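Only one structure is covered here, and it is reproduced in the block below.
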Amino acid sequence: MSPIAEYLISALLLLGGAFTLIGAIGLARFPDFFTRLHGPTKATTVGVGAIMLSSVFYFSASGAGIGISEILITVFLLMTAPVSANILAKAAMHIGVKPVENTEGKPWDQ
């Protein structure tokens, strides 16, 4: 395997791990349901996507061929995470989950 491929795989793994860690910390530290949605849907989606791309590059560079299953998992993740977060937010709005007091732009109060 070439050194450029190793550096790319390492950078993607570090980037993915950092985003996943930031998403997990955000999930634990944010004050209410609506802000907690951002942790797993935004940062963790990018983190897991970067880790999956590093897996694709690793198996492609090692001669095992392009990892179709990793690409399909990444596409499925990037398609379903925003949709599920949107559905969760709408359901929380409809059942009356209260945000923190200093939240700006409350469209459901209009």
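The values are calculated or read from the model by the stated rules, or taken from the named source; none is laboratory data. Just so it is clear, the model here is predicted, and its values are computed rather than measured. Methodologically, a virtual Cβ is constructed for each residue, glycine included, from the backbone with ideal geometry; neighbour enumeration extends over all protein chains shown. Surface areas here come from the heavy atoms of the whole protein model, side chains and all, with no ligands, DNA or RNA. Shrake-Rupley method; radii C 1.70, N 1.55, O 1.52, S 1.80 Å.
Details
- Total formal charge among the other residues, if their Cβ is under 14 angstrom from that of residue 57, Lys/Arg +1 and Asp/Glu -1: -2
- Added length on full extension, which subtracts the Cα-Cα distance from 0.36 nm per residue, residue 38 to residue 10: 7.5 nm
- Simple spin-label estimate for residue 100 and residue 72 in nanometres, 7 Å along Cα-Cβ: 4.1
- Cα extents for the stretch 1-51 along the principal axes, largest to smallest and rounded to whole angstrom: 46, 14, 8.
- Within the accessible area of the chain (1.4 Å probe), percent carbon and sulfur: 71
- Heavy-atom accessible area per residue - the stretch 10-110, 1.4 Å, Å²: 67
- Difference of contour (0.36 nm per residue) and Cα-Cα distance, residue 86 to residue 18: 22.1 nm
- Structural descriptor for the stretch 1-93: relative contact order 30 percent, calculated from alpha carbon pairs under 8 angstrom and at least 6 residues apart.
- Since only 67, 16, 92 are under comparison, the one whose Cα sits farthest along the positive direction of the charge dipole of the chain, derived from C-beta charges on Lys, Arg, Asp and Glu, is 92.
- For the chain, size of Cβ-based charge dipole, Lys and Arg +1, Asp and Glu -1, in debye: 200
- At q = 0.12, 0.13, 0.20, 0.25 Å⁻¹, base-10 log of I(q)/I(0) for the stretch 49-110 (Debye sum, equal scatterers on each alpha carbon): -0.52, -0.56, -0.78, -0.99
- Viscosity 1.567 mPa s, temperature 4 °C, Stokes-Einstein D of the chain from Kirkwood C-alpha radius, µm²/s: 82
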